[in-house]
Structures are given as C-alpha cells and as structure tokens.
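**Student:** My structure is below; once you've seen it, I'll send some questions.
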Amino acid sequence: MRTDLAIYVMAANDINMEAFNEFKLYFKKYAIPYIVVISQTDTVSEIELVQIQQEFKDCILTSIKNGMGIVKLKEVIVSKLKEEEEDKPLVGDLLPYGAKVILVVPIDSEAPKGRIILPQVQCIRDCLDHGIKSYVVRDTELEAALKEIPDVDLVITDSQAFAKVSQIVPTSIKLTGFSLLMSRQKGDLELFMKGIERIKTLKPGNKVLILEGCTHNVSHEDIGRVKIPNGLSKYVGDKLEFTYIAGQDFPGNLSEYDLVVHCGGCMLTHKTVCNRAHLCEEKGVPITNYGMVLAFLSGTLERSYEIFKDN
Ligand code: SF4
C-alpha cells in the first residue's frame with residue numbers, strides 16, 4: 001500500500017504473461033503506478049522485440065550488455081515519481097484568482113505553542129500559490145473581520161469551531177473546514193460522505209476504529225481520543241467501543257468494525273489515504289474522517305460540503 005512506483009521487469013527471453021496479469025490486478029487494486037521493463041533485449045531477435053513492444057505498449061526495452069534504454073528508464077522513473085508527488089490543490093481549484101478567504105484559527109489551550117498546525121499552513125501556502133488573498137483571524141475576531149473585509153468568497157475554519165463560526169458567517173458566504181479540504185485533497189470525499197450515513201444507524205456497543213496517520217499528533221489527541229468518541233457516544237445515546245491505531249499500521253481484522261474514522265491525513269499521501277479508504281470499502285466497512293464527523297455532530301456538515309458540490 002505504501003509503494004509509490006512499481007517496476008515490473010521481465011527478461012525478453014522469458015516473458016510470463018500469466019504472472020504479469022496477476023501483478024497487474026494487484027497494481028490496479030492498490031492504485032500503484034507501474035512501469036514495465038523488458039531486460040536482456042540483446043538475447044532475442046529484432047522481430048521478437050517488435051512483438052514484445054506490440055504486447056506491452058509503454059514498456060521500456062533495456063540491455064545491460066549494450067546500454068539500451070537505461071537512460072530512458074531513469075527519466076521515466078523520475079517523471080512518474082514527480083507525478084505521484086503532486087497533490088491536488090486545497091482551495092486553488094475551488095476559487096478564482098484574486099478571491100478572498102478568511103481562515104479561522106482558534107488559539108485556545110489545544111492550540112500548539114508558538115505555531116499553527118500543518119493543515120492551516122498548507123492552506124495559506126495554497127492560497128499564495130493560486131493568488132487567493134487569505135486573511136487569518138481567531139474565531140473571536142471573525143465578526144469584526146467580516147465587517148472590515150468586503151466580498152469575502154469563503155471562510156475556512158478549524159473543525160472544532162464549526163458550530164460557533166457557522167453562526168457568525170452569513171449564509172451568503174460559503175463556509176467549510178480545513179479538515180474537509182484535507183479530506184478532498186488526501187482522500188475520497190464522496191466515500192467519506194457515505195461513511196457519515198453509517199453514524200445514523202450506529203447502536204451502543206458498536207465498534208469504531210479511529211485511524212491516525214502519524215504518532216506525533218499531540219494537538220489532535222483531543223479530537224481523535226476524546227471529542228469524537230464522546231460526541232459519537234452522545235449521538236448514539238450510550239457507549240461505543242473505540243480502538244485507536246496511530247501511524248502506518250492498518251489492521252488485518254477490519255471487517256470487525258462498524259465504522260472507521262480517519263484523521264485529516266496531513267502527513268500522508270493522497271494514495272495512502274485513498275488506499276485505506278478503498279480497502280475499507282472492499283471489506284464493506286464504512287469510512288469517514290475527523291472533520292466530517294465533527295461537522296456532522298455540530299449540524300454544519302451540509303453547509304460546509306456545499307462548496308464541493310459544483311467542483
Ligand atoms: S496525519 Fe493525521 S494525526 Fe497526524 S498530524 Fe495529520 S491529521 Fe493529525
């Protein structure tokens with residue numbers, strides 16, 4: 001699941017279609033990009049090489065003996081890896097150049113000392129990259145900022161302040177959360193929305209898996225370990241059974257869970273979060289994420305999802 005690129009090598013004189021087709025299914029299942037390399041091309045005739053190229057359209061023909069295709073292979077590896085690194089913008093494709101965005105960052109006891117968290121930093125950078133004007137305020141200054149800044153296109157808030165912020169921002173201005181933007185960039189927003197539906201049918205005692213993408217998540221601890229478990233249990237009317245997994249681990253006993261709630265995934269790649277989400281889908285286990293659960297529990301999900309409907 002964590003492979004960025006697969007290189008499938010077959011010797012020109014030993015092509016095994018059956019084995020290749022088996023791996024092709026595996027690459028497809030886990031969304032792993034791959035390159036087909038045909039080695040030892042010096043051991044077969046020109047006619048055989050043409051036939052191989054017809055069979056494997058984008059393959060790279062190589063030979064250590066005469067140096068054939070080695071430079072090309074290096075170039076293709078670099079360009080494929082580059083493609084994989086590029087994440088979708090957070091807001092750059094949702095708003096036009098010159099749009100105005102207010103970012104709401106509550107500075108409370110849960111805020112890390114002397115800095116702001118990665119999703120907020122990434123959002124500011126994305127606005128700068130796309131010529132979107134961003135204004136950063138605390139929730140306590142939001143009302144004044146809305147009066148001072150005309151024609152605001154979008155307000156983006158920390159998920160924890162959804163309820164308060166949605167009361168301050170007039171319905172004529174679009175509102176969403178950093179976590180929802182991350183969900184779209186890192187995961188599968190539609191699949192996460194389906195996961196929210198499962199919350200409505202949860203019963204006391206049902207098993208919920210909380211998946212955190214990294215272990216150094218002190219600032220999020222309260223969301224994943226306290227706020228979401230408390231909020232979901234309160235919604236269901238009694239206690240649910242929670243399991244927490246942080247880091248790259250993914251449980252083998254996935255089918256035992258009634259719901260998976262993933263963190264924002266700011267330290268993970270789009271592919272990793274999507275693979276996790278699709279594995280859950282394959283096992284028939286609904287998956288959603290922190291920001292969407294918080295927005296759902298505070299009754300603001302519908303409004304914060306609005307911005308994504310036309311995009
Ligand atoms: S990867 Fe997940 S747990 Fe780690 S900092 Fe990002 S949102 Fe928090």
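The values are calculated or read from the model by the stated rules, or taken from the named source; none is laboratory data. Everything quoted here is computed from the prediction, not taken from an experiment. All Cβ positions, glycine included, derive from the backbone under ideal geometry; neighbour counts span all protein chains shown. Areas reflect the complete protein model, heavy atoms only, side chains present, ligands, DNA and RNA absent. Shrake-Rupley method; radii C 1.70, N 1.55, O 1.52, S 1.80 Å.
**Student:** Classify the stretch 233-311: rounded, prolate or oblate, from the alpha-carbon gyration tensor (a ≥ b ≥ c, eigenvalue square roots; a/c under 1.5 rounded; otherwise prolate if a/b is larger than b/c)?
**Tutor:** It comes out oblate by the Cα gyration axes.
**Student:** Calculate how steeply helix 270-282 sits against the longest principal axis of the alpha-carbon atoms of the chain, using the helix alpha-carbon long axis, and give the answer as 0 to 90 degrees to the nearest 10.
**Tutor:** Approximately 90 degrees, to the nearest 10.
**Student:** Something else: If you line up the long axis of helix 118-129 against the longest principal axis of the chain, both from Cα atoms, how many degrees apart are they, to the nearest 10?
**Tutor:** Roughly 80 degrees between the two axes.
**Student:** Could you give the distance between the Cα centres of the stretch 178-214 and the stretch 124-153, to the whole Å?
**Tutor:** Using only Cα atoms, the two centres lie 28 Å from each other.
**Student:** Would you calculate the separation in nanometres between label points at Q53 and E75, each defined as 7 Å from the Cα along the Cα-to-beta-carbon direction?
**Tutor:** Here the modelled spin labels are 1.5 nm apart.
**Student:** I'd like the orientation of helix 70-85 relative to the chain: the angle between its Cα long axis and the longest Cα principal axis, in ° from 0 to 90, rounded to 10.
**Tutor:** Tilt relative to the chain: about 20 degrees.
**Student:** Calculate, for E306 and D151, the FRET efficiency according to 1/(1 + (r/R0)^6) with r their C-beta to C-beta distance and R0 22 Å; round to the nearest 0.05.
**Tutor:** 0.75
**Student:** Note the full-extension length gain between V121 and E281 as 0.36 nm times their separation in residues minus their Cα-Cα distance, in nm to one decimal.
**Tutor:** This chain segment gains 54.5 nm when fully extended.
**Student:** Moving on to the next point. Within the stretch 6-85, what percent of beta bridges assigned by DSSP are antiparallel, to the nearest 5?
**Tutor:** Around 0 percent of the beta bridges assigned by DSSP in the stretch 6-85 are antiparallel ones.
**Student:** Determine, from the Cβ-Cβ distance of K203 and D108 and an R0 of 30 Å, the FRET efficiency 1/(1 + (r/R0)^6), rounded to the nearest 0.05.
**Tutor:** 0.35
**Student:** Straight-line reach from K239: which lysines have a Cα under 16 Å away, not including same-chain ones fewer than 8 places off?
**Tutor:** Of all the lysines, those that pass the test against K239 - Cα under 16 Å, at least 8 places apart if same chain - are K200, K203, K207, K227.
**Student:** Further question: Can you tell me the convex hull volume per residue for the stretch 6-85, based on C-alpha atoms, in Å³ to the nearest whole number?
**Tutor:** Once divided by residue count, the hull of the stretch 6-85 is 82 Å³.
**Student:** On to the next question. Can you give the accessible area of T243 in Å² (nearest 10), computed on protein heavy atoms with a 1.4 Å probe?
**Tutor:** 40
**Student:** Taking the Cα-to-Cβ direction at F250 and at L25 and moving 7 Å from each Cα, how far apart do the two end points lie in nm?
**Tutor:** According to this spin-label approximation, the distance is 1.8 nm.
**Student:** Here's a follow-up. Could you please state how large a percent of the accessible area of the chain is carbon and sulfur, counting protein chains only and using a 1.4 Å probe?
**Tutor:** 51
**Student:** In whole percent, what relative contact order does the chain give with Cα contacts below 8 Å and a gap of six or more residues?
**Tutor:** Relative contact order of the chain: 17 percent.
**Student:** What FRET efficiency comes out for T243 versus I15 if R0 is 30 angstrom and r is the Cβ-Cβ distance? Round to the nearest 0.05.
**Tutor:** 0.05
**Student:** Oh, and also: Expressed as a whole number of Å, what is the distance separating the alpha-carbon centroids of the stretch 6-82 and the stretch 238-311?
**Tutor:** Distance between centres, Cα-based: 37 Å.
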